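Some notes on the structure that comes next.
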Amino acid sequence: MLIINGAVHTMDGPIIEKGYVAVSGSKIAAVGPMEECPQNWGGEVFDAQGGHICPGFIDAHCHLGMFGDALGFESDDGNEETDPCTPHLRAIDAVNPLDRCFAEARAAGVTTVLTGPGSANPVSGQFAALKTDGRWVDAMVMKAPAAMKIALGENPKQVYHDRDETPVTRMATAAIIRENLRKAVEYGEKLDKAASDEEADPPDYDAKLEALLPVVRGELPVHIHAHRADDIATGVRIAREFGLRCVIVHGTEGHLIPELLLQAGVPVITGPALGDRSKPELANMTLENPAILQRAGVPVAICTDHPEVPIQYLPLCAALAVKGGLEAEAALAAITVNAARIAGLDGILGSLVPGREADIVVTSGHPLELLGQVRAVLIGGRRI
């Protein structure tokens, strides 16, 4: 397909005010101004008619397919509230690609998501990076696991307080996380010793510790659910103690401690901010959070946390960040190239560069404009 006559947001340089994007198979073949547009194109041509052409939107944190739309308990598969440490749980075993919210995501231009378990457990389980087009999850996977989810703050306290079990304090939540990370370190050391010493016995198989091995070895990032500033600091502290690669998810009070995040080199997936301050740890929620973090030099992505905010409103969440002071192109980056980097998909998705996956959205107005329309969506070079 050849997409012509649009403002091209490559996310890899300046906007091409009147340009084209050529697609060959599942990849982007060429991008440039209309003066350089291929002549006598043999395939389908789509005229953007002065609209905007940008990379497919990426929601860097949601629970799409984990909590079925309008189905209640029968399709509520996002939180295993029976054990505070469940690193062996895999999002791909719970995602329902036929949930209608996938279709709503595609229609809104959301082509990739990081989806996984909720924040009931201190160690929650494995997230996956998925394309939003497909009928079975294995055909949609970009990366699985993409991250290990851990949770701090109110949610684990609330869940286990109601059960009269530990953890019911922030101290206990952090202790459970540390305990299991340390067990994983020791488990790995025993495996390594058994591999190099014929007389050493390997440890008994442990599914939880096997799942945590890539985390403590620095191969798999941890995505840390944290709203309050002190919880963010605890997440950074634990990551430092174990040498973990970490991302703060939500980071509602990140604007109060941007220098800590910058010094630690920790990205933040902000949001959702389209809603009320429904619990105490959201007391300092502000639309200015992404702008403050970005100005401080902290890498920022924006999420919906679907179903907290429906997935189709990801561009609206980015637009609200603009209202809070973030530049429009930086807000677009937060749901494209920045989200791809944080997801470990940089170089594959998130920008309109030859050789990247042809996940493309064409809109009638600016992609963050509320009244604009999505005119075309391509996923892997195929128009949806």
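What follows is calculated from the coordinates using simple rules that are stated; it is not laboratory data. Here the structure is a predicted model, which is why all the values come from computation and not from measurement. Note: ideal-geometry Cβ built from the backbone for every residue, glycine included; neighbour counts use all protein chains shown.
With the Cα gyration tensor of the stretch 1-85 giving a ≥ b ≥ c as the square roots of its eigenvalues, does the rule (a/c under 1.5 for rounded; else a/b larger than b/c for prolate; else oblate) give rounded, prolate or oblate? Before the final figure, lay out each step's value.
Values: a/c = 3.53, a/b = 2.89, b/c = 1.22.
Since a/c reaches 1.5 and a/b is larger than b/c, the shape of the stretch 1-85 is classed as prolate.
So how do THR234, THR111, THR132 line up by other beta-carbon neighbours within 10 Å, fewest first?
Listing THR234, THR111, THR132 from fewest to most nearby Cβ atoms yields THR234, THR111, THR132.
Amide H to amide H under 5 Å from MET142: which residues, 5+ apart in sequence or cross-chain, H placed 1.01 Å off N in plane?
ALA129, LEU130, LYS131
If amide hydrogens are placed 1.01 Å from N in the peptide plane, which non-local residues have theirs closer than 5 Å to the one on ALA358?
So ALA358 has HN proximity to LYS27, ILE28, GLY380, GLY381.
Just going by the charge dipole of the stretch 237-354, with Lys and Arg at +1 and Asp and Glu at -1 on Cβ, which of LEU261, GLY251, ALA301 is farthest out on the positive end?
Looking along the dipole axis, the top candidate is LEU261.
Can you tell me the FRET efficiency between LYS18 and ARG217 if r is taken as the Cβ-Cβ distance and R0 is 51 Å, rounded to the nearest 0.05?
Given R0 = 51 Å and the Cβ-Cβ separation, E is 0.60.
Taking the Cβ of each residue in ASP305, ASP206 as the centre, tally the other Cβ atoms inside 10 Å and list the residues starting with the fewest.
Listed from fewest to most nearby Cβ atoms, that is ASP206, ASP305.
Within 12 Å, Cβ to Cβ, of ALA172, how many net charges do the neighbouring residues add up to if Lys/Arg are +1 and Asp/Glu are -1? Before the final figure, lay out each step's value.
Details: positive: LYS157, ARG170, ARG178; negative: GLU165, GLU179.
Within the 12 Å Cβ shell, the charges total +1.
In nanometres, what is the gap between the two model label sites at ASP76 and LEU256, each 7 Å from Cα along Cα-to-Cβ?
Result: 3.0 nm between the two label points.
Can you tell me the length gained on complete extension of the stretch ALA103 to ASP230, counting 0.36 nm per residue apart and subtracting the Cα distance?
Between ALA103 and ASP230, full extension yields 41.9 nm more.
In nanometres, what is the gap between the two model label sites at GLU369 and ASP164, each 7 Å from Cα along Cα-to-Cβ?
6.0
How big is the convex hull of the Cα atoms of the chain, per residue, in Å³?
Cα-based convex hull of the chain, divided per residue, equals 146 Å³.
Please work out the C-alpha center-to-center distance from the stretch 155-188 to the stretch 69-105 and express it in whole Å.
22
Where does each of PHE73, PHE57, PHE67 land when they are ranked from fewest to most other beta-carbon atoms within 10 angstrom?
So the ranking, lowest neighbour count to highest, is PHE73, PHE67, PHE57.
Please give the charge dipole size of the stretch 57-349, origin at the Cα centre, charges +1 on K and R Cβ atoms and -1 on D and E Cβ atoms. Round to the nearest 20 debye. Write down the numbers at each step before the final one.
Values: 26 positive and 42 negative charges, 183 e Å.
Roughly 880 debye, rounded to the nearest 20.
Looking at the chain, how many pairs of lysines come closer than 19 Å at the Cα, when each pair is eight or more places apart or spans two chains?
10
First measure r as the distance between the Cβ atoms of ASP83 and ASP47, then evaluate 1/(1 + (r/R0)^6) with R0 = 41 Å and state the FRET efficiency to the nearest 0.05. Write down the numbers at each step before the final one.
Working: r = 55 Å, r/R0 = 1.34.
Between ASP83 and ASP47 the formula returns 0.15.
Given bins 5 angstrom wide, list per bin the percent of all Cα-Cα distances in the stretch 123-279, short to long.
Calculated over all Cα pairs of the stretch 123-279, the distribution is 2, 8, 15, 17, 18, 16, 12, 7, 3, 1, 0, 0, 0 percent.
To the nearest 0.05, what FRET efficiency results for VAL353 and ARG135 with a Förster distance of 41 Å applied to their C-beta separation?
Efficiency computed from Cβ-Cβ geometry: 0.90.
Pull up the DSSP beta bridges for the stretch 57-349 and report the antiparallel fraction as a percent, rounded to 5.
Approximately 35 percent, going by the DSSP bridge assignments.
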